[in-house]
Amino acid sequence: MYTRHDRYLKKNVVVQLYLHSVEDFSDGTFYKNHKNHKNHKNDIKLISENKVCDDFLHMMEEAGFKEAVQDLMDLGLDNNTSYSPLYRDTNFVLNRMYTYDDVCRLMNWKANVNAQTIGGYKFDETTKTFSIFINYVKGEDVVESQRYDDHFENRSTLIAFSKSTESKGAKNMVCVGDQANNDVRIHLFVRKNKKDEGSKEFYYLGELDFVSFMNDEKPVKIMYRLKDEVRSDLFDYFNS
């Protein structure tokens, strides 16, 4: 049960995220690197330099508009509670499903990044997050050089591979290997097959700890330890 103080703090967090999201969407920043990006023209500027613009404040003087905004905020707060508890101080819920776009937004990356650019994983320097996306079952349409044998050895151990062009000396691999010292958080997203039903979404399986590099050649074979075991039904699903 949330206290009034808890709800006040939570609401203010939502307000700040909302204002920043409005700014990013309204000026096209979030979509600037997306493959489907088109120029977006603004009719109304709501946010400027992290401050609410006079136009919006003037609109808030209208009782009907203010009530609509309040209803929207209340709805957002109610919807948010259905996704609680959030996982380890993130914007994600363990074992929930998320699209690439969801991850870009909830990771608070500055821009949307398409799947081809991510290419299996992405390190974001600003948020110090390393996000791994795995198609557990590789289809026949996947080229041989990218048909990696990513797999769970058990519910708490993942074997994954770097991109075929990256060695242990590559920036991404140095980031992973030095996790104990650089405070980078490694997140895991898995779907069974990109052609499966609901294939646009990945299960969020929590954070990983780097264990070791298991070879010296390209691609690099990496062992990770999951901070939270894969749920048994999902483990069986991925391996069925």
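Every number here is computed from the coordinates shown, using simple stated rules; none is lab data. This is a predicted model, so every value here is computed, not measured. We place every Cβ from the backbone using ideal geometry, glycine too, and count neighbours over all the protein chains shown.
A few comments on the model shown:
- Rounded to whole Å, sorted largest first: equivalent-ellipsoid semi-axes of the range 192-240, Cα gyration tensor: 24, 16, 10
- Length released on extending from LYS200 to ASN108, taking residue separation times 0.36 nm less the Cα-Cα span: 31.1 nm
- Among the listed pairs LYS195/LYS218; LYS194/LYS218; LYS128/LYS227; LYS171/LYS221, those with a Cα-Cα distance over 21 Å are LYS195/LYS218; LYS194/LYS218.
- Once divided by 2.2 N^0.38 Å, the Cα radius of gyration of the range 169-211 becomes 1.48.
- Each residue of the range 95-107 was assigned a 3J(HN,Hα) from its phi angle through the Karplus curve 6.51 cos²θ - 1.76 cosθ + 1.60 (θ = phi - 60°); the sequence is 6, 7, 10, 9, 8, 4, 4, 4, 5, 4, 6, 6, 7 Hz, with glycine and proline shown as x.
- Here each label is just a point 7 Å from Cα along the line to Cβ, and for LYS168 and SER232 those points are 3.8 nm apart.
- Segment ARG147-ASP124, extension gain: residue separation times 0.36 nm, minus the distance between their alpha carbons: 5.8 nm
- Maximal additional length on extending the LYS66-GLU217 stretch stands at 48.3 nm, based on 0.36 nm per residue less the C-alpha distance.
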